[in-house]
Each structure stands twice: as C-alpha cells, then as structure tokens.
Amino acid sequence: MRGAQRRLKRGHRLNGAGPNVFSIPPGKRFLATLVNALLNGRLIAGFPDPADPLSLARATLLLPTRRACRAVLDCFLDIGGPALLLPRIRAIGDEEENAVDLSAAIDDSAVDLPPAIPGLLRRTTLTRFILAWGNAAGEAKGTRRLTAGDAAFLAGELARLMDLLSTQGVPWDNLDAILPQELQEHWQVTHDFLQVARQGWPRFLAAHGSIDPAQRRRLVMEAELARLGNAPDQPVIAAGSTGSIPTTAELLAAISRLPRGALVLPGYDRHLSAQLWANIAGTSSGQSVASHPQSSLHALVTRCHLPPDGAVVHLDQDLDNALSAREALFSRVMWPAEATGQWNLSPPAPEVISLALGSVGLIEAASEEEEGLAIALAMRHGLETPGAHIALITPNRALARRVTAELQRFDLTVDDTAGTPLSETTPGVLARLVAETAAQDFAALPLLALLKHPMVRLGLAREKLLHAVSLLEQAALRGLRPQTGIAGLRAALALCNSGKENVRLTPGDITLTLDLVERLEMFLQPLATCLTSREAMAMIDVADMHRAALAHLIDGTAEDAGEGVLWTFFDELADAAESGLVIDPREYAGAVETLMQDQPARAINEGHSRLRIYGLLEARLLPADLVILGGLNEGIWPATARTDAWLSRGMRLAMSLPAPEQRIGLAAHDFTQALGARDVILTRALKAGTAPSVPSRWLQRLAAVIGESPYQVLREKGQTFLDLAGMIDAGHGEPRPCPQPEPRPPLAVRPRALSVTEIETLIRDPYAIYARHVLKLRALEDLDKTIDARERGTLIHACLERVQEGLAHGERDRATLLAMAEREFAAESAWPQVRAFWWPRFLRIFDWFLIFDERRRMTGAQVEIEASGRITWPAPAGVFTLRGRADRLEIGPSSTKLIDFKTGAVPTGRDIKDGFAPQLTLEAAMLQNGAFAATAGQGAPVDELLYVKLSGGDPPAEEDVVKAEKGDSLADMIDAAWTGLHQLIAAFDKADAPYRALGHAAKAPRYNDYLHLARVREWGVAAEGGEE
C-alpha cells in the first residue's frame, strides 16, 4: 500500500487512467448538478450500483463549508425516487474557514493527534507573550508601553500568521532567510519577537499537550491522504473547493487520482486559451497572477497533472444560452492585465452582450444609505415572483446591516448567514457597556447607554426601570459632569432640586432614583473598583467579575440570539486561566472588546425563508434566483490587499508565503461564480461616507469590454430601484422649505416680566422669548457636559463675588480673600482640567482686581455688588415688569457708576447705541428711576457705564467705558434705551405682532437654545437663495 500512496503523490491514478476532474459552470446550480451527476454515475463509472440501495452510503462527499454540507442534503431530498442511504458528507474547509470534519473518514486507532489548543487560550497566551515583549522593548527604546487591548489585537494577528504558516506548509525556519539588518527598525523589532515566539510557543504547546488548530488540520489532511492510499477502492468525491490551501490541494489532487475518486471544481474557466493560462501561471512574466479568479484553480489542476486547457469534464448539459454567454463574457472581462490589450481586437458582438447581460442590472447609488434602501427594494420586489429565492452577497457587513434595517419597512426579517462579531450583537454591546461604565467609574455617557440597553433590568420591571433612568438622567447625568463614582451620583441627586433650573423631583422620585443608584452600587461597584485599580490582576479574575455583573444586570430577560455565544465566550475565557495573562485592570475593557471581535454570532433560520444575506464564504455553492452583489467598490469588493502586523510584503516573499493578492483572486472567483444566477443586480455607492468612491476593478473592466452604451443600459435597469428609493420617503408635491416662524400668541399668554438680558434677546430673536416664556420650553443640557464659556463666566463671577463680599466687610488680607475665592472655585468646579487651566487665570484676575477695587474705592463711593432691581409700568396689554441685576454699583453723593464684568466679548459701541446691547443702559435707566433697593428707591443720575473684560491673560482684564457719540451725552443714550424699551413692549402688546425668529439675523444672540426649533437652517438657506 505504500507504493499506492507514492503513486498518488506522484500524480498517477491507481488504475492507470488520468485524474478524474470535473467542473460545474457558474450558470448551473452547483449542488443540484453535483447530486444529479453523482446519482447518474457520471462522476464515478459504475457507481452507485442501481441494484444496491446501500452502495451510496459507502461513499464520502467532501464539500468546502458546513453550510454547503447542510444544503446538499436538500438536493438529495429533491431528487425523489426510492429511498437511499446518503453518503458521508463532511466539510473539508476552505481558505477562510477553519472547519475540517474528516474524523469519520479516519481510523482513530491509526491516527493519534493531540487536541487543538482552544482559541481563547491561544489568544490570551500570545497576548501575555506580546505584553512582556512589548513593554520590555518599550522601556529599552523609551517608547510608550503596549496596552492589553493592543497586545490582544497583535495576538490575533500573530495567531493568523501561525495558521498561515501551517496551512501553507511553510516552516518557521524560513524566518532565517530574512536578514534583520536589511529591514527598517520597526520590522527589525517584529523580526526579533518572531524569533522568540518561534522558540517559546512550541514549548508552551508541548507543556499543554496540544497543537495549533491549523497544524492539526494539516495533519488531519495528511492522515486522510494516507488513508486514501490504503483504501483506494472507497468512493470519494471532493467538490466545490478551489484548493487555495496547499494541504487541501494535495488531498484534492489525490482524490482525483483514486480509481473511484472524483474532483468537481466550481467554475473552472473553459474559455481561456493556452496563452491566457500561461499568463495566469506567470510562465512568461515569472510571477503568477494571484488576483485572477482562476489562479487557485489553475494551481490545483496543475497539481492534478492535467493541462490547463484539457481533460477537465464540464457538466454543462442544458446550460441556458444567456448564462453561457455571460460566462464567456466575464471570462474575457477577467483576462490577465497583460492580455487586456487584445480586448478590442475581437470585441464581443452587441447581440452577445445583450444576451449575456439581459437580466443583469447596475445600481449606482448616490450614497451608502441609498444603496442599502435600493437593495432592500430589489429584494422586496423579488419576492413578488412565486418561489423565487433572493440573496444579497456582500463582504460589507455595514451594508448588510443597513439592508437588514431597511427590510423592516416591509416587516421582513432576513438571515445574515455571515454572522455578526460578538462585540456588535445586542448582548455583546451590553458586555462592552458594562466594562466601559465600570472602567470610567460611572461616567454619564456609558452609564446612560448601559441603563437604556434593552436587556438591562437590575431587578426592576422594565417600565419602572426606564422611569427611574429618566429621573437619574435629568437630575444627575445631564449638565456639568458629576463627580466620579456612585458618590458623585448621590451628590448630584442631593443638589438637583436646588442646583438645576429645570429639574424638580418629588420625594417619591428621589426615593426611586436613589434605589436605582443603590442597585448600581450593589451590582457594578465591585467591578468598578477593580477596573479603576492600578494593581495588576489576572485577566480571568477580572472576567469573572465582569460576568457576574452581567448576570445581575440581565436578570432573567428573554434570550437574545447572541446571548449563548456571550456565555460561551466567558466559559472559554475561564478555561483559559492557564495562559497566566495578567493585565492592568484599567485596560480590561479594551482587551475584552478586542477578544470579542473575533467571536462570530450567527442567528439560525430567523429570517424569511426566501431571503438571505451572505458573506463571500457563506455564498459559495448556494443557489438563488436573484443575486444582488453589493458593495462593489475598491477597498470593499475586492478588499485592499494588506500585509499583517508582523511581516512586511518583502518578509512574506522571503519566507515563501503567498502574496496578499491571493485573497483578491478568491474574491474575484466568488464574484464570477455569483454571476451565474438567473437574475443579477450589481450595486455600488458613488460615495463612501463623504468621500467619492472608486468602482470595483471588475466593474471598470466590464465597462471597458462592453463599452459605454451597454453599460448605460445596465444603469438604466438599476435606476428603477433608485427611483423607488427616491419616492419611498418623498412627500407629495415639490419640497418647500418652511417659512420663517412668526408666531402670534394671544396677549394673555405673552410674557409680562423680563430681565434686561432677556430684553436683548427679545430684540435680537423674539422667537426665543416665545419658546421660553409662552411654550415654556427649556433645553436639555448636554450629557456629561464639560465647563464651557457660559459656565466659566458663572464660575469667575461667583469667585469674584466672594472677593467683593470680603472687601465690603473690610477684609483686606490677600491670603484670606484668596481662600474665600478658592472655596467658591472648589465648590463650583470639581474638574482637575478646569482648575489646571482657569485657576492660574483667576489668580491673575484676582491680583488685578485688588488694585482695581482699591483705586475705585478711593473716591469714597458706596459699593454694592450683585444688586437686584425691578420696575413696573402700565403697558397696553397690562402691567409690565423689568428685572435687572447689576454686577457692581458705585454710589456717590451726586452720581452713580455701573460696572459689568464680562468673561466673553464686550458689546461694541455701535450695538449699544443701536439698542442691540441695552443691558447697561437699561440698568442705568432703572437706577435713575429708583428701581434698585441699593439707592433706597431713590433715583440717582448715572455718570459712568463700564464694561470690564476678565480674561486672565496679559493683561488680566481690560476696562471699556461706554461713550456717547458726538453730539449725544450718556444721559441721552440712557433715555433713548428707556424710550425704546417702552416702544418695544408696546409693539409686542399688539395681537398681530409676531415673535419672529431671528428678527435681526445679523445680530443673532450669542447663545440660543431654540435655533433648531425655529428651523433656521431650512428657511435661512431658502431666503439666501441656497446659501446660509
């Protein structure tokens, strides 16, 4: 039997005949054609025996994917006829699938292989290796240390490199062919680590008693190859694989040479000439065209010792003429680059192009959103054909998710067979949010996202939980960022009724919200304490706490499709304790997210029975009546050829690893195979995000081969769905921008009291006053808000107020006054970054102000700070009240001075004169009319209005005296402001007077919470003729 094995490897068929190789063209349904050919005896002469219903069961059928194995069962059932025992059906695995299920075909007593190391044990162990190496290298070179998340990512890349070496049969010794001194410094570092890993990893595997999964797969393949030599009469059929893995290709070639073996290829090109095959092989250029769709199949046929253009039997009976023409056309489209100059020598006839592309359309959408909607409409339209099966094939998972969402418009769910990374599933997102919330010590953004997650319960009914979350959001999470931790949430709740203008909680509300905080503390505080600690911990211990927190939060909610995968992930992580991975707990959230990204979660049979979304691997061999090939842009399909994190392109070539373009060749083969469906729609988006996209090279080739006119016909067919996409969300008639809002509320609800600053708003933007005082609308503050210009102004004012109070009580000691300001600063701002930036600035303002105050008090004037005043008068619609609050009054025997401190811009003299900045002039008018208690209700003439801009820079402050223009006096300015105010209130006391949005657009308020409600961007653009 050893001689038989040697003859198999040398390429001789054991019965003396040549290899038994078939091909099924793209236009034939692969699995159905395969089953028919097998049962009709076309694949293996005399097999199966029609008289023996058990004979088929003695055969083994090897397919590339598990999904194909499941689908072929349906094909056997569809045949009908007498009952049969089916052959053993096994997944052999393909380039992107590590599945290999040959155990039933191997004599376990003859093959004794160690188990494959579990995936997470390998990943975490490699992470430990990389962390140790990276941090040592970083210390030596003075660069930043690796985080656990960085190391986990690099561990995944290293694991893929190890698998590549095993599957390609490339020994680690090839690393010696790389000369470190010829590499750039970065690659020298990775080369040094690979030399260490080359020695250390096998030692770990030996101690663990396991081997790498890809190595075990290769050994299984070799064992199967040996078994075939020992049992040459067993019927074996291998079908659908491209043989892109050398050990797989060797097995497939051996099967083709068995007396009762058959190899069935997917879409072996029967239209290429010997010269074109030579171009693909690189016999003329010295380098194979790895990006050609036939590259892997050519290498496989060559391994079978067959000439590229002969001896392959094509199972193309009854192939539709249009599909045959399409196959020939795209064979030409995919010619190697050096042959494309011959495209125009014998172009396809127009009638051939029309026949080949008669049922092919092209959707070129303006955006990715429009592409997703157009695809969903095409899938929905396809369902109108009775019994038709529709499949979207795309490597773009974002597009797949978008189409899934758009199909919900039509109450359609779809099974995305490519699955979703665990980190992106509903349970996976919850796991990430738990880790992020704990790591950020209950920061507002991750905490609110966590509490609103649909799986969270915290031991409460969902409705009660959401009510409590809403209260917590308003009281503690919106507005300035609370102090960290549970203590910060409690402190914010304690101040909510006094510190927030728009929040008033009842005692019952406060009780419910505090109960929510207590539950958070009970369930999440242990994990938060851990993830904010600087003490290194074992990854598995942190993961145990993470899992416990998750279990408490979910609290028996209905299972999500990915929940089982999540618990399996934590089980496998617990089993990986042997890795000994120790991390900084603060880096756990990033590390666990990285590990989850490589764990796929697939929903099985949850969608419509005739709709499918496939990734490239999942689509292989599976039939559909309408196939939509989505995301046909460069960088997506095909994906950009990239090297890994450990080897440059030159290093890969030196180690005899395949070029990165091999994956492009496999993607091209998937593309041409999918074109064999009865109806095909090609789609792409003209923009990726906001950037123009580049059409897939295959679309560019197609346009070059068929010409612009036929290509435009393809566009016109796809335009139908783009038109529908444009109509589905369109309103009736021509779109019209809304007019500038001009609400006219009844006089009874118009405001009868405003502050002087609100008067300025009434002048600049009446609509804001309408929204605030008539509609009673208040803007929600931002989540986790950091201090901004308004808050900084409030902070500086509050500190300066404390200083002035001290001065008013006779305190002159600088240290005492500064301590008073510092206490106020600490009470108002608990953020280190605010203190770091603004406290030094305030110190400069403080020292400047002491000199300013001393100078101003030398006149003997009485100083009043934060003085409040109000004045009323009968207006046409009733009594009106004006309120004011002066920062500083200096009251002398015969006159008074008004001072306003600004941390922002000071109004211009023109705005003050024109009435757009009436604050000081109106306060002066109030003062002259006895509106301030500080003057005992007596009027006092005002002889100075002063703005002081406080910046804390150089200089720390600037004084800006309000001056009247030539021919006017300050008294004239004050009188004009007072008269103008009365006229303004009288104008708005008319029933037909509108509160127009941005009555003076050029003088819009600096801060405005209501612009979006007024839809300014809509009518403002229309008013400007398309430009704001």
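Taken together, the values in this text are just the output of simple stated rules run on the coordinates, not laboratory data. As the structure is a prediction and not an experimental result, all values here were calculated from the model. Note that we place each Cβ from the backbone using ideal geometry, even for glycine, and neighbour counts take in every protein chain shown.
The protection proxy used here, the mean number of other Cβ atoms lying within 10 Å of each residue, ranks peptides 988-995, 927-934, 634-641, 962-969 as follows, highest first: 927-934, 634-641, 988-995, 962-969.
Once the Cα atoms of helix 662-674 and of the chain are each reduced to a long axis, what angle between those two axes, in degrees from 0 to 90 to the nearest 10, is obtained? Tilt relative to the chain: about 80 degrees.
Within the range 443-527, the GluC sites (Glu not before Pro) that combine a DSSP coil assignment with at most 14 other C-beta atoms in a 10 angstrom radius are 501. Compared with the alpha-carbon gap, the fully stretched path from residue 989 to residue 452 is longer by 188.7 nm at 0.36 nm per residue. If I take every Cα pair under 8 Å that is 6 or more residues apart in the range 843-933, average their sequence separation and divide by the length, what percent do I get for the relative contact order? 26 percent. Relative contact order, percent, of the chain when contacts are C-alpha pairs under 8 Å separated by at least 6 residues? Averaging sequence separation for qualifying contacts and normalising by length gives 14 percent for the chain.
Legend: residue pairs 963/1003; 963/990; 776/990; 949/990; 776/963; 687/776, Cα-Cα distance threshold 32 Å; pairs beyond threshold, 963/990; 949/990; 776/963; 687/776. Each other residue within a Cβ distance under 13 Å of residue 320 adds +1 if Lys or Arg and -1 if Asp or Glu, for a net charge of -1.
Loop only by DSSP, 16 or fewer other Cβ within 10 Å of the Cβ. Give me the GluC sites (Glu not before Pro) in the range 384-431 that pass, ordered by residue number.
Hits after loop and neighbour filter: 384.
A P(r) calculated from all alpha carbon pairs of the range 620-740, with 5 Å bins opening at zero, reads 2, 8, 13, 16, 16, 14, 10, 7, 6, 4, 2, 1, 1, 0 percent.
Think of it as helices only: each DSSP H run of n ≥ 4 in the chain is worth -39500 (n - 2.57), and spread over all residues that comes to -14500 deg cm²/dmol at 222 nm.
Using every pair of distinct Cα positions in the chain, the Kirkwood expression returns a hydrodynamic radius of 35.2 angstrom.
Under the convention that each Lys and Arg Cβ holds +1 and each Asp and Glu Cβ holds -1, the size of the dipole of the range 883-925 around its Cα centre is about 40 debye.
Roughly how many nanometres apart are two label points built 7 Å out from the Cα toward the Cβ at residue 823 and residue 462? Here the answer is 5.1 nm between the modelled labels. So what's the net charge close to residue 881: Lys and Arg +1, Asp and Glu -1, counting the other residues with Cβ under 10 Å from its Cβ? After counting each charged neighbour, the total is +3. Farthest towards the positive end of the charge dipole of the chain, among the residues 730, 32, 487, is the Cα of 32, using unit charges on the Cβ of Lys, Arg, Asp and Glu.
Take every Cα pair under 8 Å whose residues are at least 6 apart in sequence, average their separation, divide by the length of the range 119-210, and the relative contact order is 24 percent. Per residue, the Cα convex hull of the range 119-210 amounts to 104 Å³.
A protection proxy built from the mean count of other Cβ atoms within 10 Å ranks the segments 851-860, 893-902, most packed first, as 893-902, 851-860. Between the range 464-491 and the range 844-878, what's the alpha-carbon centroid distance in Å? That distance is 37 Å.
Here the translational diffusion coefficient of the range 901-1028 follows from Stokes-Einstein with Rh set to the Kirkwood radius across Cα pairs; for 37 °C and 0.692 mPa s it amounts to 189 µm²/s. Were the residues from residue 641 through residue 776 laid out at 0.36 nm apart, the gain over their Cα-Cα distance would be 42.8 nm. Simple point charges give the picture: +1 on the Cβ of Lys and Arg, -1 on the Cβ of Asp and Glu, and for the chain a dipole about the Cα centre of about 1400 debye. Note on the range 789-926: Cα Rg divided by 2.2 N^0.38 Å, N the number of residues, gives 1.21.
Sites listed here are GluC sites (Glu not before Pro) in the range 751-835 whose DSSP assignment is loop and whose Cβ has at most 14 other Cβ atoms within 10 Å: 811. Sorted on the mean count of surrounding Cβ atoms within 10 Å across their residues, most packed first, peptides 252-263, 49-60, 618-629 read 252-263, 618-629, 49-60. Taking Lys and Arg as +1 and Asp and Glu as -1, the other residues whose beta-carbon sits under 12 Å from that of residue 978 total -3.
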